[in-house]
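The values are calculated or read from the model by the stated rules, or taken from the named source; none is laboratory data. Being a predicted model, the structure only gives us computed values, none of them experimental. Virtual Cβ from ideal backbone geometry, glycine too; neighbours counted across all protein chains shown. With ligands, DNA and RNA removed, areas are computed over all heavy atoms of the protein, side chains included. Shrake-Rupley method; radii C 1.70, N 1.55, O 1.52, S 1.80 Å.
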Amino acid sequence: MIQIVTENIIRRLLCILICLLGWLLLTIPVCAEENSVHARLATSSLLLDAQRVEQALVAVGEWGHVLISEDNGDNWHQATVPTQAILTGVHFVDRQHGWAVGHDQVILRTLDGGQRWHLVYKDPEAETPLLDVYFLDRLHGYAIGAYGEFLETIDGGESWQSRRIGEDDWHLNQIVSGSGHLYIAAESGTFYRSDDAGQNWLSLAPPYEGSFFGCLPLEADNLLLFGLRGNLLRSEDAGESWTVLETGTESNLTSGIRLADGSIVIAGLAGTLLISEDDGQSFKLQQEADRKGFSAVLQATNGTMIGVGEFGIKTLSDSSFATRQ
């Protein structure tokens, strides 16, 4: 009985997102009614997600921070956002149309590339933070979060409907697309796949019972799934079967990207960078000297590698990829 109660407490404590300082974030007061806090050192604040959309880079994080760069990360400006809630996920379907989600079930929308943001949904009484967002097109999208929260819109965010996609209330950490599928990385060894644009979901069973924080689709039905304690899995059949990969780390893995040269980078806490030159068949471990955790890594159009995380924003030097031959 004690073990059951203890396991339940641990699962509840994993409520905060994709890994970075998630447990601590629950103690930060949030307010969905005020504008974001403009800070001179916003680029050094906690940032939890980022995306490159065409030539622009967009990052989101604590106190409603939305930071935008249009010069490959050399300079960043902070957008005014109508919330101080912690923002945990961002997704642009094209250069102009984007969404961000976060605590208090806040959902923000921009129609002008991130210069202006509008609050289109919130539900602070639910006490279930949203952790990621994905849109199929300008009208049809999904927002996912803690305790199995799954919201859908078919009118560009004007209205949202809640539904369940599984029998359990596991936290849904990330939603991505690849080769005609949608994938959701979740906790307690749970991984979902949809083959019909999110209308129905199949619960798959990877060979690890801990939390997954992210998924990186590759070509065809190949994909990588990663999460707690350095666990990294590879599938060649859209998640039906898996190979466990050696990572050399027990740090939580949080983000993945394929670079322009075809190599793959998986990033995580404690400054962890895993680099693959063989399409994700094997990885070499490289670790940042400051040991500060990543929440996302991006590659700008000029090839510059940029990381966001507990350090804010930083440009990664060539030495960060010293394992590459």
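Note on region 298-317: residues that are more than 16 Å from the chain's Cα centre (by Cα) and open to solvent by less than 30 Å² (accessible area, probe 1.4 Å) amount to 4. The numbered conditions (1) open to solvent by 10 Å² or more (accessible area, probe 1.4 Å); (2) in contact (Cβ under 8 Å) with a residue 60 or more places away in the chain; (3) not in a loop (DSSP other than H, G, I, E, B) are all true for residue 125 except (2).
Kindly indicate whether any position in region 40-49 is closer than 24 Å to residue 311 by Cβ, at pLDDT 95 or above and open to solvent by 40 Å² or more (accessible area, probe 1.4 Å). Checking region 40-49: at least one residue is closer than 24 Å to residue 311 by Cβ, at pLDDT 95 or above and open to solvent by 40 Å² or more (accessible area, probe 1.4 Å).
Going through 119, 108 one at a time, which residue ends up being in a strand (DSSP E or B), touching a residue at least 60 places away in the same chain (Cβ under 8 Å) and of a type outside the set (Asp, Glu)?
119
Please go through region 278-303 and give me each residue that is assigned to a loop (DSSP other than H, G, I, E, B) and not acidic (Asp, Glu), ordered by number.
280, 281, 282, 283, 289, 291, 292, 293, 300, 301, 302, 303
Do we have residue 256 as in a loop (DSSP other than H, G, I, E, B), open to solvent by less than 60 Å² (accessible area, probe 1.4 Å) and either modelled with pLDDT of 95 or more or not polar (S, T, N, Q) (or both) here? Considered against the rule, which asks whether it is in a loop (DSSP other than H, G, I, E, B), open to solvent by less than 60 Å² (accessible area, probe 1.4 Å) and either modelled with pLDDT of 95 or more or not polar (S, T, N, Q) (or both), residue 256 comes out as no. Here 166, 113, 141 are screened, and the one residue that is within 30 Å of residue 240 (Cβ to Cβ), small (Gly, Ala, Ser) and either touching a Lys or Arg at 6+ places or on another chain (Cβ under 7 Å) or surrounded by fewer than 22 Cβ atoms within 10 Å (Cβ to Cβ) (or both) is 166.
Can you say whether residue 150 is among the aromatic types (Phe, Trp, Tyr), touching a strand residue (DSSP E or B) at 6+ places or on another chain (Cβ under 8 Å), free of Cβ contacts under 8 Å to residues at least 24 places away in the same chain and surrounded by 15 or more Cβ atoms within 10 Å (Cβ to Cβ), as far as the supplied structure shows?
It is true that residue 150 is among the aromatic types (Phe, Trp, Tyr), touching a strand residue (DSSP E or B) at 6+ places or on another chain (Cβ under 8 Å), free of Cβ contacts under 8 Å to residues at least 24 places away in the same chain and surrounded by 15 or more Cβ atoms within 10 Å (Cβ to Cβ).
Go through (1) under 27 Å from residue 303 (Cα atoms); (2) of a type outside the set (A, V, I, L, M); (3) crowded, with 21+ Cβ neighbours inside 10 Å; (4) out of contact with any Asp or Glu (no Cβ under 9 Å at 6 or more places or on another chain) one by one and return the number of the condition residue 290 breaks. Here residue 290 meets the rest and fails (3). It is to be established whether one or more residues within region 128-138 are surrounded by 18 or more Cβ atoms within 10 Å (Cβ to Cβ), in contact (Cβ under 8 Å) with a residue 12 or more places away in the chain, touching a Gly at 6+ places or on another chain (Cβ under 7 Å) and not in a strand (DSSP E or B). Yes, the conditions are met somewhere in region 128-138.
The set of residues from region 266-285 being touching a Lys or Arg at 6+ places or on another chain (Cβ under 8 Å), within 16 Å of residue 225 (Cβ to Cβ) and surrounded by 15 or more Cβ atoms within 10 Å (Cβ to Cβ) comprises 274, 276, 280. Among the residues here, residue 262 does not qualify as in a loop (DSSP other than H, G, I, E, B), modelled with pLDDT of 95 or more and open to solvent by less than 10 Å² (accessible area, probe 1.4 Å). Annotation note: Cβ proximity below 6 Å between a residue of region 195-219 that is without any contact (Cβ under 8 Å) to a residue 40 or more places away in the chain and closer than 24 Å to residue 48 by Cβ and a residue that is open to solvent by 10 Å² or more (accessible area, probe 1.4 Å) and not in a loop (DSSP other than H, G, I, E, B) (sequence gap 6+ or interchain) occurs for 210/228. Residue check: residue 133 meets all listed conditions (1) over 18 Å from residue 215 (Cβ atoms); (2) touching a strand residue (DSSP E or B) at 6+ places or on another chain (Cβ under 8 Å); (3) hydrophobic (A, V, I, L, M, F, W, C) but one, namely (1). Considering region 228-242, and only residues there that are out of contact with any His (no Cβ under 7 Å at 6 or more places or on another chain) and more than 17 Å from residue 284 (Cα to Cα), the residue that is surrounded by the most Cβ atoms within 10 Å (Cβ to Cβ) turns out to be 235.
Among the residues making up region 265-277, those that are part of a loop (DSSP other than H, G, I, E, B) and on the phi < 0 side of the Ramachandran plot are 269, 277.
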